[in-house]
Amino acid sequence: MAVTLKDVAELAGVSPSAVSRTFTKGASVSEKTRQKVESAAETLGYYPNALASSLTTGRTQLIGLISNNFHNPIFLEVFDLFTKGLQDRGLRPLLVNLDDGDDPERTVRLLRQYSVDGVILASSTLPPAFAEAFQRAKIPIVHSFGRLTNNPSVHIVGIDNIECGELAANTLIDRGYRKIAFLGGPEQATSTQDRLKGFLNAASRQAGIEVSHTFASAYSFDAGRAEMTRLLKTDPAEAYFCGDDVLSIGALSAIESAGMNVPADIGLIGLNDMEMSRWENIALTTIHQPLTSIINESIDLVTSLLIGPEQAPEAKKFQCHVVERSTLKPLSK
C-alpha cells in the first residue's frame, strides 16, 4: 500500500498538519519539526502528492505553455528553455499544440479544465486576440514573442520585428546588394507583417535600391525551399532576408539544388540564430534573437502574476544583432 501523510506523522511523532506544512512552500514550520518529518518521509519512501496539495492550496502550479509552430526546429530550443525554467521555479508546464484555426475561447476552456495557474503563449504568429481571451477569463497570461505595442492589453515579451526588418535591409545594402527581397512566412502573421514593414522602410530610404517581397506558406524548411524554387524560375534578387532561419535553410537548399552558390550567386540572411544555423555546412548569417533572455523574463513575469495579478500589462523589448557567418558577401571596404 502507498505510504500516506498519516504514516509519516506517526513515525515522526507529529501531527498530520505539521507534515502538510512541511511540504507546503512558504508554510510555517519549525526547523526541528521539518527535520523529523523529512527523516520519517525518507525512511518510509514518502513523496508529497502534488495533486492532493492543490486541493488544499487552490494552486496546481501548472502553467499552460501554448504554441502553434511545432514544425519549426527553433521551438525545440524554446520548449527546452521554457520547461527547464518553469521546473526550476517549482512550476509544471502543460504543453498545448494549437492549429492556426483553433478558437481562443475553446483553448481557454481546455486550460480551465486543467485548472492552470497561468499561461504563456509562445508564438509570433497568433494574433493578440488569442492572449486577450485569457485576460478576459482572468487567467494570468504572458505573450512571449508577441507583437510589441505601446499600450499592451496583456504582458508581452519579445523583439521589435520592424527594427529587425530594418536591420536586415541595411545589412544587405551595406554589402553592396542593390536588388534585395524579403521572403517571409505566412502573410497573415504579425511577425511577417512587421518584418516586411521594417525591410521596406529601410530600403525606401536608400537611392537605387530595387526591392520586392514574397511569402512562404509557413515558417518551415519545406515552405522556404518551395518558395525559393519558384523564385529561381523567375528573376531572383541578389540577396534575400528570410523572415526566419528555417525558411533561410530551405531557401539555401533550393539554391544549391539549382546548381547555384550562396553567397556568390545569391545572398541570404535569416532571423533567430537557432542552433542549426551555426552548423558548419549551413553557417547562416542571421539576426540573433535573445531566446534565453526572452524566456527567462516571460517566466519571471508569469511567476509574479501568480502573486500579484493586478499588475498593469507591459511590453518588454529585447535587442537583436547580426551574427556574421557565410551566406552574405563581406562588407565593402
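Angle of helix 104-113 to the longest C-alpha principal axis of the chain, folded into 0 to 90 degrees and rounded to 10: 30°.
Calculated FRET efficiency, THR149 to ARG34, Cβ-Cβ distance, R0 = 41 Å: about 0.30 to the nearest 0.05.
Pairs from the table (LYS179/LYS233; LYS84/LYS138; LYS197/LYS317; LYS179/LYS316; LYS179/LYS329) lying more than 24 angstrom apart at Cα are LYS84/LYS138; LYS179/LYS316. When SER253, SER15, SER124, SER67 are sorted by how many other C-beta atoms sit within 10 angstrom of their C-beta, beginning with the fewest, the order is SER15, SER253, SER67, SER124. By the count of neighbouring beta-carbon atoms within 10 Å, fewest first, SER220, SER304, SER115 end up ordered SER115, SER304, SER220.
Rounded to the nearest 20, the size of the Cβ-charge dipole of the stretch 161-289 about its Cα centre is 300 debye, with Lys and Arg at +1 and Asp and Glu at -1.
Only Cα pairs under 8 Å and 6+ residues apart enter the sum, and on that basis the relative contact order of the stretch 176-333 stands at 21 percent. All Cα-Cα separations within the stretch 244-333 were binned at 5 Å from zero, giving a P(r) of 3, 12, 20, 17, 12, 9, 8, 7, 5, 4, 2, 0, each value a whole percent of the pairs. By the count of other C-beta atoms within 10 Å, a proxy for reagent exposure, ASP103, ASP245, ASP235 are ordered fewest to most as ASP235, ASP103, ASP245. Bridges between two residues of the chain, per DSSP, are antiparallel at a rate of about 10%. Among ALA12, ALA315, ALA181, the largest mean-square fluctuation in a Gaussian network model of the chain, built with springs joining Cα atoms closer than 10 Å, belongs to ALA12.
Any chance you could give the angle, 0 to 90 degrees and rounded to 10, that helix 291-307 forms with the longest Cα principal axis of the chain? In the chain, helix 291-307 runs at an angle near 40 degrees to the longest axis. Computed about the Cα centre, the dipole magnitude for the chain is approximately 620 debye when only Lys and Arg (+1) and Asp and Glu (-1) carry charge, each at its Cβ. Think of the chain as a dipole: +1 on every Lys or Arg Cβ, -1 on every Asp or Glu Cβ, centred on the Cα centre; then among LEU110, GLN311, PHE145, GLN311 lies furthest on the positive end. Sparsely packed loop sites in the stretch 184-266 (the trypsin sites (Lys or Arg not before Pro) outside DSSP H, G, I, E and B with at most 14 other Cβ atoms within 10 Å) comprise ARG205, LYS233. Convex hull volume of the Cα atoms of the chain, normalised per residue: 167 Å³. Out of every Cα-Cα pair that the stretch 161-289 contains, those further apart than 21 angstrom amount to 30 percent.
Between helix 190-204 and the chain there is an angle of about 30 degrees, using the helix long axis and the longest principal axis of the Cα atoms.
In the chain, which longest range has no GluC sites (Glu not before Pro) that are both DSSP loop (not H, G, I, E or B) and surrounded by at most 10 other Cβ atoms within 10 Å? So the longest stretch without any such site is 1-279. Counting only lysines at least 8 places from LYS6 when in the same chain, those with an alpha carbon closer than 22 Å to its own are LYS25, LYS32, LYS36.
Only the coordinates and a few stated rules stand behind these numbers; no lab work does. This is a predicted model, so every value here is computed, not measured. Every residue, glycine among them, receives a Cβ derived from its backbone with ideal geometry; neighbour counts consider all protein chains shown.
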